[in-house]
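Asks: Structure incoming, see below.
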Amino acid sequence: FSDPFLNRRRANDFIQADTRLRAITQERIRERSKAPQEHQRELCEDYYPCEMYAFRHGYAAAYKHYFGRRRTK
């Protein structure tokens, strides 16, 4: 019968430190370079009227409605 629980030293052998650091670095890179749609959606989510509009019409339409280019004379 083997013990299903591992001690800390043995548990850390499964994941190598450089793999964890590489994964963290990749995640940071992904955070910095977001897709334009994702950035627009987050901006819309932070503004309550835009979010409510998005529930009915979608985030693309809501962003365009609230944050689209406004023409000035």
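Asks: With the checklist (1) at pLDDT 80 or above; (2) open to solvent by less than 100 Å² (accessible area, probe 1.4 Å); (3) basic (Lys, Arg) in hand, flag the one item LYS34 doesn't pass.
Replies: Against the list (1) at pLDDT 80 or above; (2) open to solvent by less than 100 Å² (accessible area, probe 1.4 Å); (3) basic (Lys, Arg), LYS34 comes up short only on (1).
Asks: Spot the failing condition for LEU21; the list is (1) modelled with pLDDT of 75 or more; (2) surrounded by 10 or more Cβ atoms within 10 Å (Cβ to Cβ); (3) not β-branched (Val, Ile, Thr), and only one is missed.
Replies: In the conditions (1) modelled with pLDDT of 75 or more; (2) surrounded by 10 or more Cβ atoms within 10 Å (Cβ to Cβ); (3) not β-branched (Val, Ile, Thr), LEU21 misses (1) alone.
The values are calculated or read from the model by the stated rules, or taken from the named source; none is laboratory data. Predicted, not measured: the structure shown is a model, and the values here were computed from it. No Cβ is skipped: glycine too gets one built from the backbone with ideal geometry, and neighbour counts run over all protein chains shown. These area figures cover heavy atoms from the full protein model, side chains too; ligands, DNA and RNA do not enter into them. Shrake-Rupley method; radii C 1.70, N 1.55, O 1.52, S 1.80 Å.
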